[in-house]
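Structure first, then comments.
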Amino acid sequence: MPVTHTSFEGDSAEAASAARVRVLLPLPLAGAYDYAVPPGMNVAAGDFVSVPLGARRVAGVVWGQATDEVDAKKVKPIAARLAAAPMSDELRQLIDWVAAYTLSAPGAVLRMAMSVPEALEAERNLVGYGIGETGRAALADEAAKLSAPRRRVLTEASHAPGTAADLARRGACGAGVVKGLTRAGLLEPVELPRRAPLEPPDWRLPGPTLSSAQDVAATELLAKLGQGFSTTFLDGVTGSGKTEVYFAAIGKTLEQGKQVLVLLPEIALSAQWLQRFAQRFGVAPAQWHSDLGHAERRDTWRAVASGEARLVVGARSALFLPFHELGLIVVDEEHDQSFKQEEGVIYHARDMAVVRASLARIPIVLVSATPSVETQVNVDEGRYGRLHLPARHGSARLPEIRLLDLRRTPPERRSFLAPPLLEAMRATLEAGEQTMLFLNRRGYAPLTLCRQCGFRLNCPNCTAWLVEHRFHHRLQCHHCGHAEPLPPLCPNCGAAGSFAACGPGVERVAEEVALKFPKARAAVMASDTLTGPHAAAEILERVERHDIDVLIGTQVVAKGHHFPLLTLVGVVDADLGLDGGDLRAAERSFQLLHQVAGRAGRAEQPGLVLVQTFHPENQVMRALVADDRDRFLRLQAEERQRHGNPPFGRLAALIISGDSEDEAESAARAYARSTPHLPGVEVFGPAPAPLQILRGRHRKRFLVKARRNVRIQQVMRDWLARVKVPSTVRVQVDIDPYSFL
Ligand code: ADP
Ligand code: ZN
């Protein structure tokens, strides 16, 4: 294992008895704590240890040599060294790096790398039962008085041992039968491995024959493997074969005996990616995301640390897995905002993945059809390389995109689909093909108001309207999860049955589809109508099998699915994302609409995309229709440069929240009194946050804007240090903010 170890074991007896190390604990503490190394124990940086903390025992990581500043009487000894393979220098450096960059406690970052503490303990085998000599003899003896269940269990055990529960299930009887057989000496206890070993992906399996453009890209990418740190943007329209190209790089990395990390947004929804990987490399990849069960996470963590897992595909937190032999990182859909974690340690997994690659001195590939402005600028300025696939693979053509000006062809009253879109849907149905309707809004209606007095139903905890969800018969807050039934009377004027839904959500569009196309088989796909990754996979399979004619969905349908019969995409409200008002609203809209459009006509049939908008002249709509991504990105970059926005300048947000308006207000004033006055630094605020109240907390925001050469972390750190606020006030720093709510 390429782990460099600095040992702190003393050379002489005195040194050994006085040896002290710093141990970082996975807790939001200011730093590492000093602990004494007991005589006879040998620890090195990166070792996992168990230490006393107050009355508790906590697992942590040896972070380095201690200074002698702490009073010897206060330094407690390390309780035990844990079995897990030591954390690599590279991962420890990453943790310190992320903590410093995001202004988080290093322990809070470490916690992401130690999210399953049991994984640190030695793997224990399971107690199982197998057949012994006596059992075999009894089974062979026709005359032996064995009951039918006992005979079944013994027969099963003679094929393979198992746990009591496992044998009972296989023998179709209760666990009591297994116990009885054990007491009678016909079954014997045996040790079973806790889990089947992972099959390694097979890089020897042949991939498809690459087209010449794909081959050029793959060859260049392969040449970077094993050659130290590099960042490459793999560019190409959806369907151009980017996945095939990075699969080639994955195969080569596996062949070189290195591990691979693939980061995907919303991994839970990419059943198709998993299938494709399995087809290409013969086995399912190890996965890492929040929907996994505890035992699965524990096993995967261990398998990554031990090197048994050669490839992991995961959501952003997979970045902190304990790889020791990482050889390649791939970030697919690099522009996706779900890579930004908005709670706890606020970090951008794509950017921190580049940091990990540089610390590990390995290549990283960022993949997208619609890169972020940040990545495009990094390419333009020569920091990132670029490989380009110009066209869709095979006979598939890019779809034709047409705007439907809703001012000229409005939908009927109480409808949301304009006549030309309905017409196209009818033609598509008649041709036996599929339609996808995209609306990035969950629920039935975004706003519910009283027809008598205009009262709007608000969340009691947040500055937000409640959204009606008819599937669940409830009103819901999309910020805090608050849910309540629709009240029978208006709480304001007392009118009965006066509530009216305003505007559409996907459920309301589904209602319109059912009304206008009663024979069409329609399904809704949104994060709240899916009860987990299996529900998503099931709908996607039904679409593939053509059990569904019309799929109506939020952005969960936009991601990399490939449906050969899907030839029409209707965007119900293309203007929705433009209202965000933040510096990335246009970019985000373009990426999402482009991605949705890319679902149409992925196979032989040509695709058509109809985009309903009130703003056909908007830059985003024009770029979509003209298929001029590069010009759009250039305009966006110019605008950012003009305003000194990222990546041409730096941004940081300070979000202050308190239990009451007064508390938030006075804390905000305290920060305002000591705002930094430095060259190249501007401070805006305090302003009430757009989401003034969130989960019952009152919020104020500052935005700090600095020139690119300013060390904005230091500016923020100094500012925070100058201000004292009550402990009930929460202060969050968001470096490179993506959300301005
Ligand atoms: P992207 O990742 O750019 O969206 P994919 O790699 O998913 O593109 O390719 C789109 C489709 O074309 C997939 O079904 C893929 O299997 C197929 N494909 C791409 N390149 C080839 C190739 N060289 N030979 C055969 N099929 C290919
Ligand atoms: Zn709420």
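The values are calculated or read from the model by the stated rules, or taken from the named source; none is laboratory data. Please read all numbers here as calculations on a predicted model, not as lab measurements. Glycine also receives a Cβ, built like all others from the backbone with ideal geometry; neighbour counts cover every protein chain displayed. All accessible areas refer to the heavy atoms of the entire protein, side chains included, with ligands and DNA or RNA removed. Shrake-Rupley method; radii C 1.70, N 1.55, O 1.52, S 1.80 Å.
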Fill in the blank from the handout: Conditions (1) free of Cβ contacts under 8 Å to residues at least 24 places away in the same chain; (2) part of a helix (DSSP H, G or I); (3) surrounded by fewer than 18 Cβ atoms within 10 Å (Cβ to Cβ) -> E156 fails only (3)
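Yes or no, residue by residue, for (1) crowded, with 20+ Cβ neighbours inside 10 Å; (2) touching a residue at least 60 places away in the same chain (Cβ under 8 Å):
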site: P419; (1), (2): no, no
site: L422; (1), (2): no, yes
site: T428; (1), (2): yes, yes
site: T435; (1), (2): yes, yes
site: R441; (1), (2): yes, yes
site: A445; (1), (2): yes, yes
site: R456; (1), (2): no, no
Practice task
Considering only region 333-364, state which residues are among the hydroxyl-bearing types (S, T, Y) and modelled with pLDDT under 95.
Solution key: S338
Completion exercise
Requiring at least 2 residues that are closer than 30 Å to E123 by Cα and free of Cβ contacts under 8 Å to residues at least 60 places away in the same chain, the helices (runs of 4 or more DSSP H) wholly within region 161-234 are 164-170, 175-183
Practice task
Please identify the pairs in which a residue from region 368-395 that is open to solvent by 10 Å² or more (accessible area, probe 1.4 Å) has its Cβ atom under 6 Å from the Cβ atom of a residue that is among the aromatic types (F, W, Y) and away from ligand 2 (no atom under 16 Å from the Cβ), counting only partners at least 6 apart or on another chain.
Solution key: N378/Y384; V379/F233; Y384/F233; R386/F233
Problem - Options P420, P410; residue that is under 27 Å from A514 (Cβ atoms) and in a loop (DSSP other than H, G, I, E, B) - result: P410
Practice task
Take region 497-520 and flag every residue that is part of a loop (DSSP other than H, G, I, E, B) and open to solvent by 50 Å² or more (accessible area, probe 1.4 Å).
Solution key: G497, P518, K519
Exercise for the section: Please tell me if G577 is modelled with pLDDT under 95, buried (at least 19 other Cβ atoms within 10 Å of the Cβ), of a type in the set (G, A, S) and not in a loop (DSSP other than H, G, I, E, B). Expected result: yes
Exercise for the section: Determine whether V543 is modelled with pLDDT under 95 and either open to solvent by 10 Å² or more (accessible area, probe 1.4 Å) or assigned to a strand (DSSP E or B) (or both). Expected result: no
Handout entry: Odd one out for R650, checked against (1) part of a strand (DSSP E or B); (2) open to solvent by 70 Å² or more (accessible area, probe 1.4 Å); (3) touching a Leu at 6+ places or on another chain (Cβ under 8 Å)
Key = (3)
Practice task
Just name the residue that is nearest to ligand 2 (Cβ to nearest atom) out of those in region 492-519 that are charged (D, E, K, R) and closer than 23 Å to D575 by Cβ.
Solution key: E507
Practice task
Go through (1) charged (D, E, K, R); (2) open to solvent by 70 Å² or more (accessible area, probe 1.4 Å); (3) away from ligand 2 (no atom under 16 Å from the Cβ); (4) out of contact with any Ser or Thr (no Cβ under 8 Å at 6 or more places or on another chain) and name the single condition R722 misses.
Solution key: (4)
Problem - For C453: the one exception among (1) out of contact with any strand residue (DSSP E or B) (no Cβ under 8 Å at 6 or more places or on another chain); (2) within 16 Å of ligand 2 (Cβ to nearest atom) - result: (2)
Problem - Condition met for V330 (part of a strand (DSSP E or B) and either polar (S, T, N, Q) or at pLDDT 95 or above (or both)) - result: yes
Completion exercise
Inside region 245-280, the number of residues satisfying the requirement of being within 23 Å of the chain's Cα centre (by Cα) and buried (at least 20 other Cβ atoms within 10 Å of the Cβ) is 17
Practice task
Tell me, yes or no, whether region 179-201 has at least one residue that is within 30 Å of H393 (Cα to Cα) and open to solvent by 70 Å² or more (accessible area, probe 1.4 Å).
Solution key: yes
Fill in the blank from the handout: L489 meets each of (1) more than 16 Å from ligand 2 (Cβ to nearest atom); (2) surrounded by 17 or more Cβ atoms within 10 Å (Cβ to Cβ) with one exception, condition (2)
Exercise for the section: Go through (1) farther than 22 Å from E123 by Cα; (2) not in a strand (DSSP E or B) and name the single condition P52 misses. Expected result: (2)
Practice task
Report whether or not L403 is more than 16 Å from ligand 2 (Cβ to nearest atom), buried (at least 21 other Cβ atoms within 10 Å of the Cβ) and part of a strand (DSSP E or B).
Solution key: no
Exercise for the section: Among the residues of region 49-100, write down those that are closer than 21 Å to R20 by Cβ and of a type in the set (S, T, N, Q). Expected result: S50, Q65, T67
Handout entry: Residue check, G685 in contact with a strand residue (DSSP E or B) (Cβ under 9 Å, 6 or more places away or on another chain), buried (at least 18 other Cβ atoms within 10 Å of the Cβ) and at positive phi
Key = yes
Fill in the blank from the handout: Residues in region 552-570 that are under 20 Å from G505 (Cβ atoms), away from ligand 1 (no atom under 13 Å from the Cβ) and outside any strand (DSSP E or B) total 4
Fill in the blank from the handout: Exception for A523 within (1) in contact with a helix residue (DSSP H, G or I) (Cβ under 7 Å, 6 or more places away or on another chain); (2) assigned to a helix (DSSP H, G or I) falls at (2)
Practice task
Assess whether V625 counts as being among the β-branched types (V, I, T) and not in a strand (DSSP E or B).
Solution key: yes
Problem - Within region 458-485, tally of residues that are closer than 24 Å to V513 by Cα, in a loop (DSSP other than H, G, I, E, B) and touching a residue at least 24 places away in the same chain (Cβ under 8 Å) - result: 3
Exercise for the section: Within region 99-112, identify whether any single residue is among the charged types (D, E, K, R) and either crowded, with 22+ Cβ neighbours inside 10 Å or at pLDDT 85 or above (or both), and answer yes or no. Expected result: yes
Exercise for the section: Find the residue count for region 458-473, including only residues that are open to solvent by 40 Å² or more (accessible area, probe 1.4 Å), within 13 Å of ligand 2 (Cβ to nearest atom) and closer than 22 Å to T529 by Cβ. Expected result: 1
